[in-house]
């Protein structure tokens, strides 16, 4: 199965065409509905709830009013030609809509429905027809088989709708998977990572990964381009685009379809050709792209990039309450290509004076003994550790239940505020590994404490990871 | 720094000596206290709260009553000689206690305090002295620098005390780290994994990893021996013990101290010699041991062993709602040495009839389209997938928030009950990957739903993992 796009006409990259879609000023929803569990109703509700900034026109010949708004029978009846049309109706019924769009002169159409080239021959013919109509009418297509666009500036919202960030940010995320576009958006929201845009582009029949990477390379709002990719319409062109992007921006890619069975899955998901794993890996490395795997790892790297940027330094100062924790962390760090250098002589001497109890073990890793010892001792020790000249980043492991048992939430807050302050004072980044191993009925309570601490730390500029392996992996990747 | 043990007398392994400690019928707590944040008070409270099954004698010359109980000034004043003495007082004050123990004829002493060989010369001399007193008095030492013993049968409890399981189980966990002995106990409790015993043995000055592995090899309650290890007193003896253990039991080991910096940390944590990483890895593989890394991975493997046993089959049937999820899972599975075979012809044909919507993609991985489609369709599809003859284990991915949005908790419960039923009906294991990507104020609510679903599934015999990488890794390890 070859990409359908080339069988019609591959258009040269045009920033303004894509920009007119992403920053659409008016929107029509075809298939707008109030019936539950329909794409049309989910999308309608989300655009109206999260407040698309321009006019939203609802189109459905079988409805007259939805959520108190007038519904038009077709696109030709609208009072103006919308910039963007979002089609939420099934594949076989979409062609009539595209013909209307061609006649009216809209700028772009998002086709959400599946049932195109990913299902085989019949669907491939439909996709070809859609492309021909787009070329005739001079509009561009996002999708099909996608969740659309999230843009915090015009408040255009993905299906199913969520408001992922409070303010426009500098991360663009493009994704062939609709599900992952939402997962990444959700997870980043809890981490305080803001987007310039998220685009779920599905089959990428018209606007594809190459177009979107070029667009965000040129977009002044975007500093980090992240992507979930199953294949590329044109590998050579895409690689050129990535290399160009990596000169100006940080690029983070999650490429799937590396195994035989997942390559099969890629074809039936978005009809893409996955390509050889080894070739992809080599190409990504050459282009200076950070390669990740999974939603968690992608978000972990975005968090590290937000607070640390690229190549913040490989030398870790590992601290925690408990000898096993530090030993394990040191193993993970060195396996990942990071360093855990011995402490500078001065740091060693001073920390030995501060931590003079049998439970503590002074060195790197640094075991402070009890998870949160007497707060003034904790403060003095952490202050010294944060500025140790042989290390770049301080990593502190907080086993929440232990720490909570000794200091309560008040004690934890005070200790975390000290870490925030030390990060600011020393000018060196602080990373906290924060997790709960609660049991039984305590569970939800500890989850609540954990979320509050996480928010406190992130707002104070301290990175938070839920496990040591994830923290170490993220630090290794941004240093790669 | 060489292990101190050999400088005194290495005793031959004796099952009954260790058994008398683990199954102690009476207990004295030296340093019993009611003052908060003292080892003595934590340990006293936990033994009394969780109800050690025999008499508990509190010893402290400075107290007369704690929690309504008489406190004795010293061990010699007790009305009987206790089987086990737990010393919670600092290292330098422990020797007097050990002299008393030698005179009285107790069977074992747990020394919790740090400040022995792990701090260097002065501590090493103390450790030697403790061993000499133990040999003189004919008792054995657990520790020093440890959290002691958890035994669900006599309800002896680790410091800090927790009741990790409701019923005695078949997993023994030995740990040089006190912290990890508690973390693993806590996490296993939420997973329904029950212990025959947990022993935190710290420096292992007297009873060490070799003794404990031999003990649990002979222990009829124990079927799985798990361990967190920093080094071994005698590598050759330990390897013999492991090989012997692996003939009769399943052995799972987490060995740290593989890197230069972590080997340094091991010395200052428990005074062990970590040894070469490559040698260890080779030896563990030869002995048939499952090697893991981290609390999460250890518990994930214990969960898989509980429900699937060793070598349950490498051929996975991957199912979920969303094409990206399956593609990613297939990549992970094949990278880990598992298989994702094509569906049998009959399964393929029947599933195509059942899942005839554009959003679904029939194959392996199987994308059912919407996360939880119409329940009768879901049931029919999963019933067919569960018995597909080309695969051994069905893995179903539940992105909680998506699924919740479509079916609510009632719908999810019904769907999960179907998966439980299908596992029982097909005789093939079912694994659910269950996670939440909630945002903002929904967070805690989704955590609650997630915990309830997890409990429901585990009680129904379905394994639950919080992410696809963790599920795949655990399945690969038990198949290794």
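Every read-out reported here was derived from the displayed coordinates using simple, explicitly stated rules and does not represent laboratory data. A quick note: this is a predicted structure, and the numbers were derived from the prediction, not measured. Backbone-built Cβ (ideal geometry, glycine too); neighbour counts: all protein chains shown.
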Distances from residue A:335 to the same residue in each other copy, label points 7 Å out along Cα→Cβ, in nm, shortest first?
1.4
Can you tell me the orientation of helix B:443-459 relative to chain B, as the angle in degrees between its alpha-carbon axis and the longest Cα principal axis, to the nearest 10?
90
Kindly state, to the nearest 0.05, the FRET efficiency for residue B:456 paired with residue A:38, given R0 = 41 Å and r defined as their beta-carbon distance.
0.90
Using only the alpha-carbon atoms of region A:311-478, report the extent along each of the three principal axes, biggest first, to the nearest angstrom.
45, 36, 28
For chain B, radius of gyration divided by Kirkwood radius, i.e. Rg to Rh on alpha-carbons
1.05
Starting from the Cα coordinates of region B:334-410, work out the convex hull volume and express it per residue in Å³.
106
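Counting helices only, and only those DSSP H runs with n ≥ 4, report the 222 nm mean residue ellipticity of chain B as the sum of -39,500 (n - 2.57) divided by its residues, in deg cm²/dmol to the nearest 500. Provide the component values of the computation, followed by the final result.
On the way: 16 runs with 212 residues, N = 480.
The helix contribution divided over chain B gives -14000 deg cm²/dmol.
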May I ask for the angle, rounded to the nearest 10°, between helix B:468-479 and the longest principal axis of chain B, with both axes built from Cα atoms and the value confined to 0 to 90°?
70
Take the rotation relating chain B to chain A, measure from its axis to every Cβ in chain B, and name the nearest residue with the distance in whole Å.
B:447, 2
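Is region A:105-187 best put as rounded, prolate or oblate by its Cα gyration tensor, with a ≥ b ≥ c the root eigenvalues, rounded for a/c under 1.5, and otherwise prolate when a/b is larger than b/c, oblate when not? Could you put the intermediate results ahead of the total?
Details: a/c = 3.17, a/b = 1.65, b/c = 1.92.
Oblate, because a/c is 1.5 or more while a/b does not exceed b/c.
Tell me, what is the FRET efficiency for residue B:448 and residue B:53 to the nearest 0.05, using R0 = 45 angstrom and their Cβ-Cβ distance as r?
Values: r = 35 Å, r/R0 = 0.77.
In this case the efficiency is close to 0.80.
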Measure nothing fancy, just the Cα-based angle from helix A:295-308's long axis to the longest principal axis of chain A, in degrees from 0 to 90, nearest 10.
60
Need the full-extension length gain, residue B:413 to residue B:76, defined as separation in residues times 0.36 nm minus the C-alpha distance. One decimal, nm.
115.4 nm
Could you work out how far apart the two model spin labels at residue B:310 and residue A:93 are, taking each label as a point 7 Å from the Cα in the direction of the beta carbon, and quote it in nm?
5.9
So for the pair residue B:65, residue B:383, with labels modelled 7 Å out along Cα→Cβ, what separation do we get in nm?
6.8
In the protein assembly as shown, if every C-alpha pair distance is counted and binned at 20 Å from zero, what percent goes to each bin?
14, 42, 31, 12, 2, 0
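Could you line up B:248, A:183 from fewest to most neighbouring Cβ atoms inside 10 Å? The partial results should precede the final answer.
Numbers: B:248 13, A:183 26.
The order, fewest Cβ neighbours first, is B:248, A:183.
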Restricting to chain A, what percent of DSSP beta bridges are antiparallel, rounded to 5?
10
Inter-copy distances for residue A:62, nm, shortest first, label points 7 Å along Cα→Cβ, are 8.1
With N residues in region B:247-361, what two-decimal value do you get for its Cα radius of gyration over 2.2 N^0.38 Å?
1.54
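Assuming R0 = 45 Å, what is the FRET efficiency of residue A:357 and residue A:480, from their Cβ-Cβ distance, to the nearest 0.05?
On the way: r = 39 Å, r/R0 = 0.86.
Calculated transfer efficiency: 0.70.
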Run the simple label-point estimate for residue B:19 and residue B:285 please: 7 Å along Cα→C-beta, distance reported in nm.
3.8
